[in-house]
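Below is one structure; the comments refer to it alone.
Nothing in this text is a laboratory measurement; each read-out follows from the coordinates by a stated rule. Note that the structure is a prediction, hence the values are computed from the model and not measured. Because the Cβ atoms are built from the backbone with ideal geometry, glycine has one as well, and the counts that use them run over all protein chains shown.
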Amino acid sequence: MNSNTIIKTNFTFQCPRKIFEEISNYLISLSSKIIIKEYFYNIDDIFSNTSVIISRAGAGSITNFINYEIPAILIPLPSSKD
């Protein structure tokens with residue numbers, strides 16, 4: 001991805017409360033096209049406008065990505081190693 005592509009790209013992050021301030025300060029310093037929240041109530045709207053997702057590999061998340069036909073890079077949940 002070249003710098004022109006990054007400038008035109010919108011990023012949306014969901015981040016847990018315990019690290020929200022630290023992560024949001026860092027991400028916002030990188031680009032003005034970043035939305036970061038602890039929780040999204042309009043997940044249908046977000047998924048409808050998403051090209052690719054990087055996410056934890058929870059069963060519910062995977063089901064949503066399949067239903068919305070969104071390509072995903074999945075990170076295994078540490079608690080689900082078996």
Original post:
Under the condition of being surrounded by fewer than 10 Cβ atoms within 10 Å (Cβ to Cβ) and among the polar types (S, T, N, Q), which residue from the range 10-44 is nearest to I70 (Cα to Cα)?
Top reply: N42
**OP:** For the range 33-51, state whether one or more residues are in a loop (DSSP other than H, G, I, E, B) and of a type in the set (D, E, K, R).
**Re:** yes
**OP:** Would you check which residues across the range 52-78 are of a type in the set (G, A, S), closer than 21 Å to F20 by Cβ and part of a helix (DSSP H, G or I) and list them?
**Re:** S61
